[in-house]
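Working notes, beginning with the structure itself.
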Amino acid sequence: MHALTRHVPASFAHALSATPPDPPIDVALARAQHAAYRAALAACGAAVTAIDADEACPDCVFVEDTAVVAGGIALVTRPGAPSRRGETPPVARALARHVDLAWMDAPATLDGGDCLRVGRTIYAGRSARTNAAGIARLAEVFADHTVVAVDLPPHVLHLKCVCSPLGDGRILLAEGTLAPELFAPHAIVWVPAAEAYAANAVALGRHVVVADGHPRTREALEAAGFTTHAVAHSEVRKADGSLTCQSILVTDVTGT
């Protein structure tokens, strides 16, 4: 398993955020936390690659939004925030070493953080960043998967803000956010409502990278048979980010 990441630019201090952070983003701390995140992915068994940062793209560390990968194909997205559309070419070049590429054109928009894959099903959040045309293109590219559109509440930026895949047909889901029936027949591992931020976690096999400071979520994951790896997240959280946003997981099918 490969984990594609991207370094934190100095311009990350000006990353998009629904509310201006107070205190401001500390770029040096963000870089240290990102290094610890990459180390956690490696400890979970991933081969980690980091693309150079782009100072013209303050949000480029959130690499997940630039592509959706499944079945040996990467759909290079058209991010919903216009300021982020310059992030995709370097990610596409890196992904092309491992999988085939497909592309998305206007008027479609889609952020990878709105896509949750469980087996042969891809749940796609219809959000301020992902529109119906983007979901239609997703379904076209991944015709061998079932694509299920999920309408998100206005306050939820991305689908994966409140849930994430755990493998083996299981989903980590924050209580009080989305109805579990939306994900039937998949099994749910519940995150307490008070720890909803921790519903965004990165699972690799029997290991899960989880946001630190959320002990009940770690207990739930460990009771479900996972080994947890807690990482600090204060600076990416100031930019409305979390853990899955910082990587794209890829199974190499090209052998290159």
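The values are calculated or read from the model by the stated rules, or taken from the named source; none is laboratory data. Please read these numbers as outputs of a predicted model, since none were measured by experiment. Cβ placement follows ideal geometry from the backbone for every residue including glycine, while neighbour counts extend to all protein chains displayed.
Being closer than 28 Å to Thr228 by Cα, assigned to a helix (DSSP H, G or I) and either in contact with a His (Cβ under 6 Å, 6 or more places away or on another chain) or of a type in the set (S, T, N, Q) (or both): is that true of Ala36 here? Give the derivation first.
Working: closer than 28 Å to Thr228 by Cα: yes; assigned to a helix (DSSP H, G or I): yes; either in contact with a His (Cβ under 6 Å, 6 or more places away or on another chain) or of a type in the set (S, T, N, Q) (or both): no.
Criteria not met by Ala36.
Looking for something of a type in the set (Asp, Glu), at negative phi and over 16 Å from the mean Cα position of the chain (by Cα) - is there at least one such residue anywhere in the range 112-124?
Among the residues of the range 112-124, not one is of a type in the set (Asp, Glu), at negative phi and over 16 Å from the mean Cα position of the chain (by Cα), which makes the answer no.
Just to be sure, is Pro23 exposed (fewer than 14 other Cβ atoms within 10 Å of the Cβ), farther than 24 Å from Gly167 by Cβ and over 18 Å from the mean Cα position of the chain (by Cα)? First the steps, then the outcome.
Working: exposed (fewer than 14 other Cβ atoms within 10 Å of the Cβ): yes; farther than 24 Å from Gly167 by Cβ: yes; over 18 Å from the mean Cα position of the chain (by Cα): yes.
In short, yes.
Okay, residues lined up against (1) closer than 15 Å to Ile73 by Cα; (2) assigned to a loop (DSSP other than H, G, I, E, B); (3) modelled with pLDDT under 95:
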{"site": "Thr130", "(1), (2), (3)": "no, yes, no"}
{"site": "Ala133", "(1), (2), (3)": "no, no, no"}
{"site": "Ala136", "(1), (2), (3)": "no, no, no"}
{"site": "Glu140", "(1), (2), (3)": "yes, no, no"}
{"site": "Leu157", "(1), (2), (3)": "no, yes, no"}
{"site": "Pro165", "(1), (2), (3)": "no, no, no"}
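For Val202, which of the numbered conditions (1) closer than 16 Å to Arg117 by Cβ; (2) of a type outside the set (Phe, Trp, Tyr); (3) surrounded by fewer than 19 Cβ atoms within 10 Å (Cβ to Cβ) fails to hold?
Looking at each condition in turn, Val202 falls short on (3).
Within the group Ala50, Ala42, which residue is in a strand (DSSP E or B) and closer than 30 Å to Gly205 by Cα? It would help to see each step written out before you state the result.
Details: Ala42 fails: in a strand (DSSP E or B).
Going through Ala50, Ala42 in turn, just one is in a strand (DSSP E or B) and closer than 30 Å to Gly205 by Cα: Ala50.
When the range 124-154 is examined, which residues are found to be small (Gly, Ala, Ser) and under 20 Å from His186 (Cβ atoms)? If you could, list the steps in order and put the result at the bottom.
So the first thing to find is which residues in the range 124-154 are small (Gly, Ala, Ser), and the list is 124-125, 127-128, 132-134, 136, 139, 143, 149.
Ala124, Gly125, Ala139, Ala149, listed by residue number.
Residue-wise test of (1) buried (at least 18 other Cβ atoms within 10 Å of the Cβ); (2) in a strand (DSSP E or B); (3) hydrophobic (A, V, I, L, M, F, W, C).
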| position | (1), (2), (3) |
| --- | --- |
| Val150 | yes, yes, yes |
| Glu181 | no, no, no |
| Val210 | yes, yes, yes |
| Gly213 | no, no, no |
| Glu219 | no, no, no |
| Gly225 | no, no, no |
| Glu235 | yes, no, no |
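Within the set of pairs 6+ apart or on separate chains, which have a first residue in the range 98-112 that is touching a residue at least 12 places away in the same chain (Cβ under 8 Å), a second that is loosely packed, with under 14 Cβ neighbours inside 10 Å and among the charged types (D, E, K, R), and C-beta atoms under 7 Å apart?
The qualifying pairs are His98/Asp252.
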